[in-house]
Amino acid sequence: MDWSFIGVHVPDYIGGAWVTLRFGLYGVACSMVLGLLCCLAQYFRVPVLRRIVGAYIEVARNTPLLVQLFFLYQGLPRVGIRFSAQACAVIGLTFLGGAYMAEAFRSGLEAVDRSQTEAGQCIGLTAAQNIRFVILPQALATAVPALFANIIFLIKETSMFSVLAMMDLMNVADTLRTSGGRTIEVLFMLVAAYLVLLLPVSLIATLAERRLRYAGFGDRHPV
Amino acid sequence: MSEPILRVKDVHKSFDETGVLHGVSLDIREGEVVVIVGPSGCGKSTLLRCINGLETIDRGEIFLRGEKISGRTKDLHLVRQKIGMVFQSYDLFPHMKVMDNLLLGPVRALGRPREEAEKEAMEMLARVGLREKADVYPRTLSGGQKQRVALVRAMMMHPEILLLDEITAALDPEMVSEVLNVVIDLARGGMTMAIVTHEMRFAEAVADEVLFLEDGVVVEQGPPEKFFHAPETERAQQFLKSFTYSFKKSEVQPKNNPED
Amino acid sequence: MQDSGIAILFKGINFQRLLGGLWVTLRIALISIGLSCVLGLLFGLLMLSRRKIAQVFCRVWLEIVRFMPQLVLLYIVYFGFARMFGWDLDGETSGILVFTFWGAAEMGDLIRGALTSIPLHQTESAAAIGLTQWQIYRHVLIPQMLRRLLPQAINLSTRIIKTTALVKMINVIEVLKVGQQIIGQFYRSPDAAFWIYFVIFLLYFLVCWPISMLAKRLEKKWA
């Protein structure tokens, strides 16, 4: 293992990791917003929107991100819609992630017993108060593990940004591999970089889950 | 004769094709405790849920202190602030501590200042024997304790009338009396209540009037002494009989009597 | 001569070529899924074993799969193994190796989850009516386990199919690559890229969607 090689190229990897992380997080944030909106549209049975959202979720969940990115980056420009590489990255990730987040939020909402809603109504809360104090906190708490799992999944999916000609981690690794030829070191650093990115997220996820479990959930036993 | 707090007039309710309530009427005056009994599925719970607006009625009217509350689509929460309801399944908010459960209604819905509400909540908790539990999460409580908290939560709203829907049905037997004693305490204090229950001895103790509901119709109605000891209708008699066993094993002659 | 994008699709054997490319990915996916099922079963049983070392082994394997993007694993096998062990693996084989490595771990976890989620009192009541251990397995445990497992296993399969698109990055001639070849051939066409990528998008959807619908139907039926 050539440690000097590694030492020299750490900054490249940090740069790549930063690109990956930045656009990954933009994608994650937009996904969560989109996912929440979609979920609410379905939960409140908004007439036309509900169908559109349903179709969107099916399409987004059944096509690979790679194909979506090619379509966005290479296909759309031919009919006049041109996005920058960065925009494609975020749009693609949001398109995919929104569907997964919607499902996570939905499972959270459905886990809240209808009797909880009624209990809130019985003490005279308005619908908005009921959602804010009774339903949403419980829904979010149930959805948190799934939400974090999605976040980790989406950050892993960012490895496909390399087809967009962005200097993300994968492209950094590729460039170094093809130019310098120290494949083992290059791959080692790649693995390390992703670990550095994902381990903290995983830790935060575990802490969040544990803290919510401590708050207790009636008679539901933590698995 | 003063205006009844609650007036239920000829209420009909069906779910899809199945009729559940067929013209039920009832008046409850201030300070009165009406106990509703009857076989399962006869519409007792549905009646309470209709009063509280959790179900809409198909025909008939419901009045609270003279004001019509049935058939409303807006501002139901204002009506519900005046009606307290406790369910069989307690439904405390699991993500909040006991005190927060009690304060959510008064502080958010009624806009009362928190310290004042908290003081009252602590007093009420002490009255039901749960003072030390103010700061814990509901999942650490027993069923009886949860139900007592649920009662306090409903009372914190200072309702005009309290609706209790089989609140001891899901409890272990030894916890039933701790909850029912709280209800008796409330009745002694003059709280107007409509109680659905299967606990016949409790019903006899706490009722001013008993309503016997079967298949969505009021079959018999009257003071507890009359209903429980000299019921008029045959169906009421049958119903009450179902709670006793006329058989006593120890009084039966053994088959193989060596003296035969 | 300008060809409109759509016309190119049906020109000659272009569409067949696309389908051929799709078949390459599907082949990799199907083989990986099959191997994952077999290995997954072993993995699942290993996870339930009492031996500490088996549990640690499984844990490490799962964590690797959890934190590493599949593309990174593909790079490690395709580029890395050549350097490390001198193995010259082609793209397809690398793909199968990686996806089986991934699939077996996830499948094993699903199996373990399905087995442990059956409430203990099911086994106990079966024993109480006098069934033998084998009968309990056959009539109570395995049917229930399969019901919980199958929808999730099918979802995993869909995910594997989608992820196989990644083998494009390790020089496998699959559908995206074929698409690019066709686009290159007909470079004079203004919107070929749009239609080709759109069709590839559609193809993946048409493959994955029925499968995930099946999983949903099974889940509903057996909920």
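Need at least 2 residues that are open to solvent by 20 Å² or more (accessible area, probe 1.4 Å) per element, so show me which strands (runs of 3 or more DSSP E) inside segment B:110-220 make the cut, counting only ones lying wholly within it.
Once the strands (runs of 3 or more DSSP E) in segment B:110-220 are filtered for at least 2 residues that are open to solvent by 20 Å² or more (accessible area, probe 1.4 Å), what remains is B:209-214.
Determine whether A:PHE133 is at the interface with chain B (Cβ under 7 Å from one of its Cβ atoms) and either within 29 Å of the chain's Cα centre (by Cα) or within 30 Å of A:THR158 (Cα to Cα) (or both).
Criteria met by A:PHE133.
When you check A:ALA87 against the structure, is it open to solvent by 20 Å² or more (accessible area, probe 1.4 Å), in a helix (DSSP H, G or I) and under 23 Å from C:ALA193 (Cα atoms), yes or no?
Against the criterion (open to solvent by 20 Å² or more (accessible area, probe 1.4 Å), in a helix (DSSP H, G or I) and under 23 Å from C:ALA193 (Cα atoms)), A:ALA87 qualifies.
Starting from residues that are open to solvent by less than 10 Å² (accessible area, probe 1.4 Å), within 14 Å of chain A (Cβ to nearest Cβ) and of a type in the set (A, V, I, L, M), keep the ones in segment C:131-160 and report whichever is farthest from C:TYR75 (Cα to Cα).
That would be C:LEU156.
Which numbered condition trips up C:GLY103, out of (1) within 12 Å of another protein chain (Cβ to nearest Cβ); (2) modelled with pLDDT of 85 or more?
Only one criterion in (1) within 12 Å of another protein chain (Cβ to nearest Cβ); (2) modelled with pLDDT of 85 or more is unmet by C:GLY103, namely (1).
Pull up segment A:110-143, narrow it to residues that are in a loop (DSSP other than H, G, I, E, B) and on the phi < 0 side of the Ramachandran plot, then point me to the one that is most open to solvent (accessible area, probe 1.4 Å).
Among residues in segment A:110-143 that are in a loop (DSSP other than H, G, I, E, B) and on the phi < 0 side of the Ramachandran plot, the one most open to solvent (accessible area, probe 1.4 Å) is A:ASP113.
Of everything in segment A:43-65, what is among the aromatic types (Phe, Trp, Tyr) and farther than 23 Å from A:VAL112 by Cβ? Give them in sequence order.
The one that is among the aromatic types (Phe, Trp, Tyr) and farther than 23 Å from A:VAL112 by Cβ: A:TYR56.
Part of a helix (DSSP H, G or I), touching a Gly at 6+ places or on another chain (Cβ under 9 Å) and either more than 14 Å from chain C (Cβ to nearest Cβ) or aromatic (Phe, Trp, Tyr) (or both): is that true of A:GLN42 in this structure?
When the stated conditions are applied, A:GLN42 passes them.
Take segment B:87-106 and flag every residue that is modelled with pLDDT of 90 or more and more than 8 Å from chain A (Cβ to nearest Cβ).
Once the filter is applied, which keeps residues that are modelled with pLDDT of 90 or more and more than 8 Å from chain A (Cβ to nearest Cβ), segment B:87-106 yields B:LYS97, B:VAL98, B:MET99, B:ASP100, B:ASN101, B:LEU102, B:LEU103, B:PRO106.
Can you tell me which condition C:ALA215 does not meet? The list is (1) assigned to a helix (DSSP H, G or I); (2) open to solvent by 70 Å² or more (accessible area, probe 1.4 Å), and all the others hold.
Condition (2) is where C:ALA215 drops out.
Say whether the condition of being open to solvent by 70 Å² or more (accessible area, probe 1.4 Å), free of Cβ contacts under 8 Å to residues at least 24 places away in the same chain and more than 10 Å from chain A (Cβ to nearest Cβ) is met by at least one residue in segment C:169-177.
no
Could you tell me which residue of segment C:21-53 is most open to solvent (accessible area, probe 1.4 Å), considering only residues that are in a helix (DSSP H, G or I) and farther than 22 Å from C:ALA153 by Cβ?
So, considering only residues that are in a helix (DSSP H, G or I) and farther than 22 Å from C:ALA153 by Cβ, the one most open to solvent (accessible area, probe 1.4 Å) is C:LYS52.
Kindly evaluate B:ALA236 against the criterion of being modelled with pLDDT under 90 and either surrounded by fewer than 15 Cβ atoms within 10 Å (Cβ to Cβ) or not in a helix (DSSP H, G or I) (or both).
Against the criterion (modelled with pLDDT under 90 and either surrounded by fewer than 15 Cβ atoms within 10 Å (Cβ to Cβ) or not in a helix (DSSP H, G or I) (or both)), B:ALA236 does not qualify.
Within segment C:54-91, count every residue that is open to solvent by less than 10 Å² (accessible area, probe 1.4 Å) and either over 27 Å from A:SER159 (Cβ atoms) or more than 12 Å from every other protein chain (Cβ to nearest Cβ) (or both).
Within segment C:54-91, residues that are open to solvent by less than 10 Å² (accessible area, probe 1.4 Å) and either over 27 Å from A:SER159 (Cβ atoms) or more than 12 Å from every other protein chain (Cβ to nearest Cβ) (or both) number 2.
Taking into account only those residues within segment B:6-46 that are in a loop (DSSP other than H, G, I, E, B) and crowded, with 21+ Cβ neighbours inside 10 Å, which is modelled with the lowest pLDDT?
Our first condition is that a residue be in a loop (DSSP other than H, G, I, E, B); within segment B:6-46, this holds for B:16-17, B:29-32, B:38-43.
From the residues that got through so far, the ones that are crowded, with 21+ Cβ neighbours inside 10 Å too are B:38, B:42-43.
Details: B:GLY38: 88, B:CYS42: 71, B:GLY43: 83.
By that ranking, first place goes to B:CYS42.
Among the residues of segment A:153-170, is any closer than 16 Å to A:TRP18 by Cβ, open to solvent by 30 Å² or more (accessible area, probe 1.4 Å) and at pLDDT below 90?
yes
Criterion first (within 30 Å of A:VAL8 (Cα to Cα), among the basic types (Lys, Arg), modelled with pLDDT under 90 and in a helix (DSSP H, G or I)) does A:ARG211 satisfy it?
No: the conditions fail for A:ARG211.
Answer with yes or no whether C:GLN180 is out of contact with any Phe, Trp or Tyr (no Cβ under 6 Å at 6 or more places or on another chain), more than 12 Å from chain A (Cβ to nearest Cβ) and open to solvent by 20 Å² or more (accessible area, probe 1.4 Å).
no
Given the conditions (1) within 14 Å of chain C (Cβ to nearest Cβ); (2) over 17 Å from the mean Cα position of the chain (by Cα); (3) more than 20 Å from C:PHE205 (Cβ to Cβ), report the number of the one that A:ALA17 does not fulfil.
(2)
Checking C:ALA105 against (1) more than 19 Å from A:GLU157 (Cβ to Cβ); (2) of a type in the set (Gly, Ala, Ser); (3) in a helix (DSSP H, G or I), which test does it fail?
(1)
For a quick check of your reading of the model, give me the residue pairs whose first member lies in segment C:109-125 and is assigned to a loop (DSSP other than H, G, I, E, B), whose second is open to solvent by 60 Å² or more (accessible area, probe 1.4 Å), with beta-carbon atoms closer than 9 Å and at least 6 apart or on different chains.
Hits for this filter: C:SER117/A:VAL223; C:SER117/C:ARG148; C:ILE118/C:ARG148.
Going by the structure shown, is A:VAL191 facing another protein chain (nearest Cβ under 10 Å), among the β-branched types (Val, Ile, Thr) and within 21 Å of the chain's Cα centre (by Cα)?
Yes, satisfied.
Picking from C:ILE142, C:ILE211, C:ILE161, C:ILE183, which residue would you name as being among the hydrophobic types (A, V, I, L, M, F, W, C) and touching a residue at least 60 places away in the same chain (Cβ under 8 Å)?
After ruling out the rest, the residue left standing is C:ILE161.
Out of all the residues in segment A:55-83, which are part of a helix (DSSP H, G or I), free of Cβ contacts under 8 Å to residues at least 60 places away in the same chain and within 13 Å of A:MET160 (Cβ to Cβ)?
Listed by number, the residues that qualify are A:VAL67, A:GLN68, A:PHE71, A:LEU72.
Go through (1) acidic (Asp, Glu); (2) more than 7 Å from chain A (Cβ to nearest Cβ); (3) open to solvent by less than 20 Å² (accessible area, probe 1.4 Å) for B:ASP75 and report which single condition fails.
(3)
Tell me, which residue of segment C:93-130 that is of a type in the set (Asp, Glu) and surrounded by 13 or more Cβ atoms within 10 Å (Cβ to Cβ) is farthest from the chain's Cα centre (by Cα)? Give the steps one after another, and end with the answer.
Start the filter on segment C:93-130 by keeping residues that are of a type in the set (Asp, Glu), which leaves C:106, C:109, C:124.
Pick out the ones that are also surrounded by 13 or more Cβ atoms within 10 Å (Cβ to Cβ) and you get C:106, C:109.
Values: C:GLU106: 10, C:ASP109: 14 Å.
Restricting to residues being of a type in the set (Asp, Glu) and surrounded by 13 or more Cβ atoms within 10 Å (Cβ to Cβ), the top hit is C:ASP109.
Within segment A:67-88, does at least one residue satisfy the condition of being closer than 23 Å to A:LEU147 by Cβ and out of contact with any Gly (no Cβ under 9 Å at 6 or more places or on another chain)?
Within segment A:67-88, not a single residue is closer than 23 Å to A:LEU147 by Cβ and out of contact with any Gly (no Cβ under 9 Å at 6 or more places or on another chain).
The values are calculated or read from the model by the stated rules, or taken from the named source; none is laboratory data. Treat the numbers as computed from the prediction; the structure is a model and nothing was measured. Virtual Cβ from ideal backbone geometry, glycine too; neighbours counted across all protein chains shown. Quick note on the areas: whole protein, heavy atoms, side chains included, nothing else; ligands and nucleic acids left out. Shrake-Rupley method; radii C 1.70, N 1.55, O 1.52, S 1.80 Å.
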